[in-house]
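Colleague: Would you mind keeping the following structure in view while I ask a few things?
The values are calculated or read from the model by the stated rules, or taken from the named source; none is laboratory data. Remember, it's a predicted structure, so these values are computed and weren't measured experimentally. Cβ placement follows ideal geometry from the backbone for every residue including glycine, while neighbour counts extend to all protein chains displayed. Areas reflect the complete protein model, heavy atoms only, side chains present, ligands, DNA and RNA absent. Shrake-Rupley method; radii C 1.70, N 1.55, O 1.52, S 1.80 Å.
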Amino acid sequence: VQVARRGGVAFIASSLPPLVPGNLWGPFFGQRFDMGSGGLCGIHSRQAEAAPLDAASPPTAKQPDDGPARDVDWKAQGDIAAGMRGVYQSGYEFPAWSMEMLRSGELAALARGVTVYHKADDRLEEVKAVASEREPVNIGMSRCYNQDRLMELLKYKTGAYGRSTKDRLMPNIAIYCETPIKQDDRMENVHVINVIGYAFDDQTQPDYQYFFPMKYGDTKWEELVERFRHMWRFIFVCAERKGLKRIYLADIGGGAFSALLSGPGISYGRLKEESLAPVQAEFKSKNFVVEQLPRVPDFAFKPENKALLPESLLVNAWDPWSMVGNGNNSDNSLDGFFGRCTAMGLLCWPRTNPLMKWESVKDD
């Protein structure tokens, strides 16, 4: 292990094999999506099959008793989760064990610690809409769920991020939670912040339509750097407010999301360098240890890491449209790997977690 310092923050170069770069999916894991006639998840309008429940009961997560959280009707929240799970195309849904833990109240103590971060000048009603009106699955603008069933259930077909225009984007948010993470019959708790990169994987993405055409150094580029800078700040502010000492970073907005982020002088690497370095300098005095995100969920179950979990913040590359976890078992992005082994899909959705908090983050 080699340690270097950049901008006053300690970075550790580990021999651990790298995980998927932010938002990368597909062949990296030796698997591929069936593109089919309807995109990544087949014909979008077809009737989504209800997902079967897992046969095995989930192990019990370690969490303290919490009186106020018991006032919530968790059975009713479980019913909402079951309705949403039935909207997914079969194979893409969040894990059934997370729904059963929600229904039984086992997630109650963790639910009240979930925190949504947004810019101080964002309109709170729009922040709440973006957090609440989520699509079950959106992979490269392919919607792997039954839109008619979602409309019947929750009175919308597509996510609130679609209210963005070529002149104005809906708020960029991040959501922190402590969540159970499961591997086989083992379970631990980890701290995760779900951070949304700007999406340049398809020309119909609102982010692409807002920022392009763009040239390096023009006003759009400078705005994108500034927006990315605030995105990175969500992570460091969260670590500071939650008392966490270690940050495991992913390439938020890299991988597939940066496929169309190109032009003379324009690259994801340059964007990351120009936006992350000022944030590192800002938090120099906090002495965070920043490492490359290792493999999920393996990291949480290695004996040598057990003592690190209570002080570590893992970073997930989320999507502007989808539930946390996106396509879960059928999604080979970082988000999909987090989704399939945690309860974040339900902990981080206001409709199944009425206890979550909303915190603004000012510019430095």
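Colleague: Please list, in order along region 234-250, the HN-Hα scalar couplings obtained from phi with the Karplus expression 6.51 cos²θ - 1.76 cosθ + 1.60 (θ = phi - 60°), rounded to whole Hz, x for Gly and Pro.
Modeller: Calculated HN-Hα couplings, in order: 3, 5, 6, 5, 4, 4, 5, 5, 8, x, 9, 9, 10, 10, 9, 7, 10 Hz.
Colleague: Share of region 136-243's accessible area from carbon and sulfur, percent, 1.4 Å? Display every interim value, and only then the final one.
Modeller: On the way: 1780 of 4080 Å².
On region 136-243, the fraction of accessible area on carbon and sulfur atoms equals 44 percent.
Colleague: Report the accessible area of Ser262, computed with a 1.4 Å probe over the heavy atoms of all protein chains in place, in Å² rounded to the nearest 10.
Modeller: For Ser262, solvent-accessible area is about 70 Å².
Colleague: Another question about this same structure. Tell me the Kirkwood hydrodynamic radius of region 250-291 in angstroms, computed as one over the mean inverse distance between distinct C-alpha pairs. The partial results should precede the final answer.
Modeller: Working: mean 1/r = 0.0849 Å⁻¹.
Computed over Cα pairs of region 250-291, the Kirkwood hydrodynamic radius comes out at 11.8 Å.
Colleague: Per the Kirkwood formula on distinct C-alpha pairs, the Rh of region 113-202 is how many angstrom?
Modeller: 15.2 Å
Colleague: Taking a 26 Å limit on the Cα-Cα distance, which of the listed pairs Lys75/Lys128; Lys220/Lys357; Lys166/Lys215; Lys128/Lys362; Lys215/Lys272; Lys215/Lys284 fall beyond it?
Modeller: Details: Lys75/Lys128 23 Å; Lys220/Lys357 32 Å; Lys166/Lys215 17 Å; Lys128/Lys362 18 Å; Lys215/Lys272 16 Å; Lys215/Lys284 31 Å.
As for pairs spanning more than 26 Å Cα to Cα, those are Lys220/Lys357; Lys215/Lys284.
Colleague: Further, regarding this structure: Can you work out the Karplus-derived ³J(HN,Hα) for every residue in region 280-291? Use 6.51 cos²θ - 1.76 cosθ + 1.60 with θ = phi - 60°, whole Hz, and x for glycine or proline.
Modeller: So the J values, rounded to whole Hz, are 4, 5, 4, 9, 3, 5, 7, 6, 5, 9, 10, 10.
Colleague: Would you please give the FRET efficiency between Glu126 and Lys306, computed as 1/(1 + (r/R0)^6) with r the Cβ-Cβ distance and R0 = 45 Å, to the nearest 0.05? Before the final figure, lay out the partial values.
Modeller: Values: r = 40 Å, r/R0 = 0.90.
Approximately 0.65, to the nearest 0.05.
Colleague: Given a 1.4 Å probe, how much area per residue of region 72-196 is accessible, in Å²?
Modeller: Solvent-accessible surface per residue comes out at 34 Å².
Colleague: Remind me, what semi-axes does region 226-325 give for its equivalent ellipsoid, largest first in whole Å, using sqrt of 5 times each Cα gyration tensor eigenvalue? Don't skip to the end; give the middle numbers.
Modeller: On the way: eigenvalues 126, 63, 29 Å².
The three semi-axes for region 226-325 are 25, 18, 12 Å.
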